[in-house]
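Trainee: Handing you a structure now.
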Amino acid sequence: MEQMSFFENMVPEPLAERMRPESLAEYVGQDQLLGEGRVLRRLIESDQISSMIFWGPPGVGKTTLARIIAHTTKSKFIDFSAVTSGIKDIRNVMQQAEENRRYGERTIVFVDEIHRFNKAQQDAFLPFVEKGSIILIGATTENPSFEINAALLSRCKVFVLKSLSAEDIVKLLHNALTGSKGFGDMDIDISDDTLEKIAVFANGDARGALSTLEMVVLNGDVDGQGKITVTDETLEQCTSKKSLLYDKHGEEHYNLISALHKSMRNSDPDAAVYWLARMLEAGEDPLYIARRVVRFASEDVGLADYRALEQAVAAYQACHFIGMPECSVHLTQAVIYMAMAPKSNAMETAYLSAKEDALSTIAEPVPLHIRNAPTKLMKDLDYGKGYVYAHNTQEKMSEMECMPENLAGREYYKPTEQGFEEKYKERLKAIKKWKKEKRDIENRNN
């Protein structure tokens, strides 16, 4: 066992781990939380930490920040992984924390990837957080509103950590190249332009940026004096494709489809195509996007351009027939068409208004005159009596009321003046005027 430990100690830690900051002075980014005078910085420096959740994308410093708290606090610090721990482990830690509390020692429990805990596991923390046995610090890449129990979340302050800027990451890379924990003792020739490319490739992820830097340095060209030169070719070999932050089942999935939908709604074809590309290149199912475009065609365009639905359905069929990457062009056509089409949400508002009435007057009977009467009994009960077959009239319509009695005159479809819908508006106005005149005549005659 000792021999195994000896050889393990000879294996160098990854650069990202070696460069992990140990103090707020070394920490880069999150100035909105840790800048001078900011609330989280004050809490850490005054050692007045309360239960909290760090929410942010991978590689922005959630775990590092927790470890800085561990180094600066006067509390017992327990590092806990939601991936490898179960309820039994939680209870053992809680018992240890309770013992520490009896001896006047505060315990901070850090739970990495707390969203991976199920409800029962999260509930196991709750009583100990409530009575102050522990201060809980959780880290998550998922929206806490969806992934953390409401009771536990209400007892924690949520701090949102943002993706690092390219400037922040370039600073980290320079620190790694010059610092004693990084490559400070090595002669490395790497241009600022290359460092900026690494920063852009990292997509706000410090850990990913440092891992990329380590890879390009290890694969750089070495001359006779041991000098390492990192070229653009080296970088291209190590980063064949930009890594896109995307989780097809998480919040970012919904953020991106929302961005696509709202860009089309705002008649911005360039933004719409960008968000489309972001989703497709990250591996999104093209049929999912196509289904959302089909919905958009009626929800946001409707009869303002009745051909929008045809375009959307055709794009869905094309995606179904040929798949990616070929169908990207069909989705692009559909997305640009939706963005450029005149907009009307009259279909959506019509249905929502009718839905409200349908739910509140759910028992309203169908008027007798528009019921079918397939049997003699139904005819004897006046089913279908007074029904006017529209095709038998000169105007191809009648003044017959088709709404339930207490909803007579209710209007759901309110066409706009956008695109083709302006014609439908005039047509509907003429229909309603004709029916009103006919009903007024009938009422006078009766």
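The values are calculated or read from the model by the stated rules, or taken from the named source; none is laboratory data. This is a predicted model, so every value here is computed, not measured. Cβ placement follows ideal geometry from the backbone for every residue including glycine, while neighbour counts extend to all protein chains displayed. These area figures cover heavy atoms from the full protein model, side chains too; ligands, DNA and RNA do not enter into them. Shrake-Rupley method; radii C 1.70, N 1.55, O 1.52, S 1.80 Å.
Trainee: Out of the residues in the stretch 110-147 meeting the condition of being farther than 17 Å from G86 by Cβ and assigned to a loop (DSSP other than H, G, I, E, B), tell me which one is most open to solvent (accessible area, probe 1.4 Å).
Mentor: Filtering first and then ranking leaves K131.
Trainee: Only residues that are exposed (fewer than 13 other Cβ atoms within 10 Å of the Cβ), hydrophobic (A, V, I, L, M, F, W, C) and at pLDDT 85 or above: list them for the stretch 360-376, please.
Mentor: V366, the sole residue that qualifies.
Trainee: Give me a count of the residues in the stretch 406-427 that are among the acidic types (D, E), touching a residue at least 40 places away in the same chain (Cβ under 8 Å) and open to solvent by 80 Å² or more (accessible area, probe 1.4 Å).
Mentor: Count: 0.
Trainee: Additional query: Name the one entry in L43, L33, L65 that is over 28 Å from T212 (Cα atoms) and part of a helix (DSSP H, G or I). Spell out how you get there, then give the answer.
Mentor: Numbers: L33 fails: over 28 Å from T212 (Cα atoms); L65 fails: over 28 Å from T212 (Cα atoms).
Being over 28 Å from T212 (Cα atoms) and part of a helix (DSSP H, G or I) holds for just one of L43, L33, L65, which is L43.
Trainee: Quick check on the stretch 210-219. Is at least one of its residues surrounded by 15 or more Cβ atoms within 10 Å (Cβ to Cβ) and within 30 Å of V109 (Cβ to Cβ)?
Mentor: Checking the stretch 210-219: at least one residue is surrounded by 15 or more Cβ atoms within 10 Å (Cβ to Cβ) and within 30 Å of V109 (Cβ to Cβ).
Trainee: Search the stretch 342-359 for residues being assigned to a loop (DSSP other than H, G, I, E, B), open to solvent by less than 60 Å² (accessible area, probe 1.4 Å) and not charged (D, E, K, R), and hand back the single one that is farthest from Y274 (Cα to Cα).
Mentor: Selected residue: S344.
Trainee: Ok, one more. Tally up the residues in the stretch 27-48 that are open to solvent by 20 Å² or more (accessible area, probe 1.4 Å) and free of Cβ contacts under 8 Å to residues at least 60 places away in the same chain, please.
Mentor: Residues flagged as open to solvent by 20 Å² or more (accessible area, probe 1.4 Å) and free of Cβ contacts under 8 Å to residues at least 60 places away in the same chain within the stretch 27-48 amount to 13.
Trainee: If you don't mind, another one. Go through the residues of the stretch 333-341 one by one and say whether even a single one is part of a loop (DSSP other than H, G, I, E, B) and either surrounded by fewer than 14 Cβ atoms within 10 Å (Cβ to Cβ) or without any contact (Cβ under 8 Å) to a residue 40 or more places away in the chain (or both).
Mentor: Taking the stretch 333-341 and keeping what is part of a loop (DSSP other than H, G, I, E, B), we get 341.
Then drop every residue that is not either surrounded by fewer than 14 Cβ atoms within 10 Å (Cβ to Cβ) or without any contact (Cβ under 8 Å) to a residue 40 or more places away in the chain (or both), which leaves none.
The answer is no, given that none of the residues of the stretch 333-341 is part of a loop (DSSP other than H, G, I, E, B) and either surrounded by fewer than 14 Cβ atoms within 10 Å (Cβ to Cβ) or without any contact (Cβ under 8 Å) to a residue 40 or more places away in the chain (or both).
Trainee: Among what's in the stretch 171-186 and is open to solvent by 70 Å² or more (accessible area, probe 1.4 Å) and in a loop (DSSP other than H, G, I, E, B), pick the residue that is nearest to D223 (Cα to Cα).
Mentor: Across the stretch 171-186, the extreme among qualifying residues is M186.
Trainee: Based on what the data block shows, is E8 more than 13 Å from F159 (Cβ to Cβ) and either modelled with pLDDT of 80 or more or among the small types (G, A, S) (or both)?
Mentor: no
Trainee: Which residue out of R42, R38, R91, R106 is under 29 Å from the mean Cα position of the chain (by Cα) and not aliphatic (A, V, I, L, M)?
Mentor: None of the others qualify; the one that does is R38.
Trainee: Next up: One residue is enough: does the stretch 428-438 have a residue meeting the conditions loosely packed, with under 13 Cβ neighbours inside 10 Å, without any contact (Cβ under 8 Å) to a residue 60 or more places away in the chain and over 52 Å from the mean Cα position of the chain (by Cα)?
Mentor: Yes - at least one qualifying residue is present in the stretch 428-438.
Trainee: Here is a list of conditions, (1) assigned to a loop (DSSP other than H, G, I, E, B); (2) among the aliphatic types (A, V, I, L, M); (3) without any contact (Cβ under 8 Å) to a residue 24 or more places away in the chain, and V366 meets all of them except one; can you say which number that is?
Mentor: The number of the failed condition is (3).
Trainee: Let me ask something else. Would you point out the residue of the stretch 83-109, among those that are crowded, with 18+ Cβ neighbours inside 10 Å, not in a helix (DSSP H, G or I) and not polar (S, T, N, Q), that is modelled with the lowest pLDDT?
Mentor: Of all residues in the stretch 83-109, those crowded, with 18+ Cβ neighbours inside 10 Å come to 90, 93-94, 97, 106-109.
After this cut, where a residue has to be not in a helix (DSSP H, G or I) as well, the list is 106-109.
Applying the additional criterion that residues be not polar (S, T, N, Q) yields 106, 108-109.
On the way: R106: 81, I108: 87, V109: 88.
Filtering first and then ranking leaves R106.
Trainee: Just to check your reading of the model, which residue among F146, F183, F159 is aromatic (F, W, Y), out of contact with any Lys or Arg (no Cβ under 6 Å at 6 or more places or on another chain) and closer than 30 Å to K74 by Cα?
Mentor: F159
Trainee: Looking at this structure, is L65 of a type outside the set (D, E, K, R), touching a helix residue (DSSP H, G or I) at 6+ places or on another chain (Cβ under 6 Å) and touching a residue at least 60 places away in the same chain (Cβ under 8 Å)?
Mentor: No.
Trainee: With respect to the numbered conditions (1) in a helix (DSSP H, G or I); (2) touching a helix residue (DSSP H, G or I) at 6+ places or on another chain (Cβ under 8 Å), which one is the sole condition not fulfilled by Q317?
Mentor: Evaluating Q317 over (1) in a helix (DSSP H, G or I); (2) touching a helix residue (DSSP H, G or I) at 6+ places or on another chain (Cβ under 8 Å) leaves (2) as the failure.
Trainee: Where the second residue is aliphatic (A, V, I, L, M) and surrounded by fewer than 19 Cβ atoms within 10 Å (Cβ to Cβ) and the first is on the phi > 0 side of the Ramachandran plot and modelled with pLDDT under 95 and lies in the stretch 260-276, which pairs have Cβ atoms under 9 Å and are six or more apart or on separate chains?
Mentor: S267/M340
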